[in-house]
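Below: the structure, in structure tokens.
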Amino acid sequence: MFTKAGRWIIVLFFFIAFAGPGAFPQQTPAPSFKDTTILPEGPTGARIKSLIAVMNSGSADQIKRFISEECAGDFRDRIPLEDHISTALGFLRDTGGIDFHSVRTYTPGRPEVTVVIVKDRLLGGWWGLSFRFGEAPKFLVNGLGINSARPPAGIAEPPLTEKEAVGEIRALLAKVKEKNWYSGTVLVAKGSNILLTDFAGEASKAFHVPNNIDTKFNLGSMNKMFTSVAVARLVEAGKLAFGDPIGKWVDETWLPKEVTSKITVRHLITHTSGLGSYFNEAYQKSSRALFRKLDDYKPLIKDDRPAFEPGERFQYSNTGMFLLGVIIEKVTGEDYFEHIRKAIYAPAGMTNSDCYEMDYPVENLAVGYSPDLKSPYKWQNNLYKHVIKGGPAGGGFSTVKDLHGFALALLSDKLISRRMRDLMWTDFKGSNYGYGFTVVQSPGGKAVGHSGGFDGINSQLDIYVDSGYIVAAMANIDNGASPLANRIGSILARVKAR
């Protein structure tokens with residue numbers, strides 16, 4: 001539900017799988033690779049060329065033909081044909097088309113897959129198409145993953161001054177506006193100095209209400225940062241410890257004692273508890289109106305069990321982060337939402353952030369939309385899919401200005417101490433995640449923050465620790481913020497003093 005999107009929203013065209021919970025390409029550690037700018041000969045090269053042409057065609061008939069004639073039956077039938085078609089067309093919208101660059105081989109090798117590197121035409125990002133082929137002589141496509149990829153060796157964009165970088169970002173924003181791709185807001189800052197803000201698209205397509213720089217967008221999983229910082233504040237106040245078993249506060253109406261006695265606060269905040277997600281079948285079959293207070297979620301969580309011994313490994317968990325909200329209520333004796341307003345939003349000056357209830361007329365709130373090419377309306381809103389009120393794991397609302405304020409409050413030690421911040425911004429388990437924040441070595445240096453996504457939702461905050469740049473992007477369409485934020489980050493990474 002609140003995906004680790006993520007790096008971006010996960011979609012189902014040929015089981016497209018986007019990498020990681022954070023907002024950046026994987027940089028460390030990375031295997032060595034070699035790019036060959038010639039397609040393989042024979043059927044495999046023909047399949048690769050055919051797929052790229054189909055993905056660029058915008059033709060439902062061509063996609064249908066490829067699925068029917070060039071994919072293995074087991075693979076072809078894993079999802080409905082209509083889903084293949086609609087998501088492929090959505091991928092074209094998100095990339096503007098792709099161009100072949102090379103076939104990539106790795107050391108150590110990956111003999112089971114053929115990795116093809118392509119560049120998207122809209123934002124200039126690099127993608128890896130990981131093909132699995134069936135047996136000879138037909139070599140039908142039997143699997144395909146699509147992930148962000150490292151740029152080919154030897155391809156480097158020229159350095160920029162900060163002024164030139166801002167100009168390049170403005171040109172990028174103008175381009176995506178012209179293509180009607182961009183529906184949301186963007187803020188780029190160097191510390192407290194805002195370098196640019198921008199907005200485009202409609203907050204309500206039904207009434208043609210335009211977005212503006214103060215429009216409130218859904219955060220998806222980004223609420224996890226606020227929950228985690230609130231927990232860290234309580235740790236610094238001596239009211240709980242990261243090593244405490246959660247059974248001290250999470251009683252057996254939530255989970256049995258044999259589960260909570262083995263899970264610590266640290267396991268929850270680092271996604272190493274082994275717990276899963278409360279967005280399960282029971283949630284899907286329930287009225288959204290039933291879930292407003294934290295206690296309302298007990299029926300969805302009570303049957304969750306760790307998939308592995310707590311602490312063993314990283315597994316992104318909405319349930320785990322939600323239970324941190326339960327602990328906040330028990331420790332403070334306050335309603336979770338009120339505590340976050342006092343402990344996080346107020347000191348950070350976040351006057352347009354909250355977990356608003358979606359059946360009330362909140363002013364200047366964006367409705368989320370997903371492309372629906374089967375409908376005459378071409379878009380479908382997410383009002384009957386998403387939560388009616390967000391919570392500790394995600395689903396609240398904010399603005400790019402408020403996210404900038406949150407970043408500044410963290411950097412100035414207004415919310416937590418520098419020592420605590422350093423702990424939270426250290427990769428905990430080698431999975432590019434610390435204590436409630438993604439932690440990545442990006443092209444622009446160490447970058448921390450979080451992204452969030454769902455149908456009609458995508459937002460992202462990137463804090464570039466080494467350079468001082470802050471990028472906030474929010475969108476009310478699928479996958480409309482993270483690709484833009486990533487590209488802006490890659491432009492800022494080229495800024496060099498002259």
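The values are calculated or read from the model by the stated rules, or taken from the named source; none is laboratory data. Because the structure is a prediction, the values reported are computed rather than measured. Cβ: placed from backbone, ideal geometry, glycine included. Neighbour counts: every protein chain shown. Please note that ligands, DNA and RNA were not included when accessible areas were found on the heavy atoms of the full protein model with its side chains. Shrake-Rupley method; radii C 1.70, N 1.55, O 1.52, S 1.80 Å.
Contact annotation: residue pairs with Cβ atoms under 6 Å, 6 or more positions apart or on different chains, pairing a residue in segment 156-183 that is closer than 30 Å to residue 379 by Cα with a partner that is modelled with pLDDT of 95 or more and assigned to a loop (DSSP other than H, G, I, E, B), are 183/201; 183/476.
Selection of segment 173-219 for residues being farther than 21 Å from residue 403 by Cβ, open to solvent by 30 Å² or more (accessible area, probe 1.4 Å) and part of a loop (DSSP other than H, G, I, E, B) yields 179, 180, 205, 206, 207, 208.
If the condition is being touching a residue at least 40 places away in the same chain (Cβ under 8 Å) and either over 21 Å from the mean Cα position of the chain (by Cα) or not in a loop (DSSP other than H, G, I, E, B) (or both), then segment 359-376 contributes 359, 362, 364, 365, 369, 370, 371, 372, 373, 374.
Filter segment 133-145 for residues that are of a type in the set (Gly, Ala, Ser) and part of a loop (DSSP other than H, G, I, E, B); which is nearest to residue 51 (Cα to Cα)? Can you show your working first?
So in segment 133-145, the residues of a type in the set (Gly, Ala, Ser) come out as 134, 136, 143, 145.
Still in the list and also part of a loop (DSSP other than H, G, I, E, B): 134, 136.
Details: 134: 15, 136: 18 Å.
Looking at residues that are of a type in the set (Gly, Ala, Ser) and part of a loop (DSSP other than H, G, I, E, B), I get 134.
Of the helices (runs of 4 or more DSSP H) lying entirely inside segment 272-347, those containing at least 3 residues that are farther than 22 Å from residue 358 by Cα, of a type in the set (Val, Ile, Thr) and open to solvent by less than 40 Å² (accessible area, probe 1.4 Å) span 318-332.
Take the residues in segment 146-172 that are assigned to a loop (DSSP other than H, G, I, E, B) and among the β-branched types (Val, Ile, Thr), then tell me which one is nearest to residue 469 (Cα to Cα).
161
Among the residues of segment 103-110, are any touching a residue at least 12 places away in the same chain (Cβ under 8 Å) and either within 22 Å of residue 178 (Cα to Cα) or part of a helix (DSSP H, G or I) (or both)? No, that holds for no residue.
Does segment 68-77 include one or more residues that are touching a residue at least 60 places away in the same chain (Cβ under 8 Å) and loosely packed, with under 15 Cβ neighbours inside 10 Å?
So the first thing to find is which residues in segment 68-77 are touching a residue at least 60 places away in the same chain (Cβ under 8 Å), and the list is 70-72, 74-75.
Retained after the next criterion (residues that are loosely packed, with under 15 Cβ neighbours inside 10 Å): 74.
Yes; the residues of segment 68-77 include at least one that is touching a residue at least 60 places away in the same chain (Cβ under 8 Å) and loosely packed, with under 15 Cβ neighbours inside 10 Å.
Under the condition of being touching a residue at least 60 places away in the same chain (Cβ under 8 Å) and hydroxyl-bearing (Ser, Thr, Tyr), the residues counted in segment 284-312 number 1. Residues that are open to solvent by 20 Å² or more (accessible area, probe 1.4 Å), among the small types (Gly, Ala, Ser) and touching a helix residue (DSSP H, G or I) at 6+ places or on another chain (Cβ under 9 Å): does segment 148-169 have at least one? Checking segment 148-169: at least one residue is open to solvent by 20 Å² or more (accessible area, probe 1.4 Å), among the small types (Gly, Ala, Ser) and touching a helix residue (DSSP H, G or I) at 6+ places or on another chain (Cβ under 9 Å).
Here the condition is being open to solvent by 60 Å² or more (accessible area, probe 1.4 Å), in contact with an Asp or Glu (Cβ under 6 Å, 6 or more places away or on another chain) and at pLDDT below 95; of 389, 385, 374, it holds for 385 alone.
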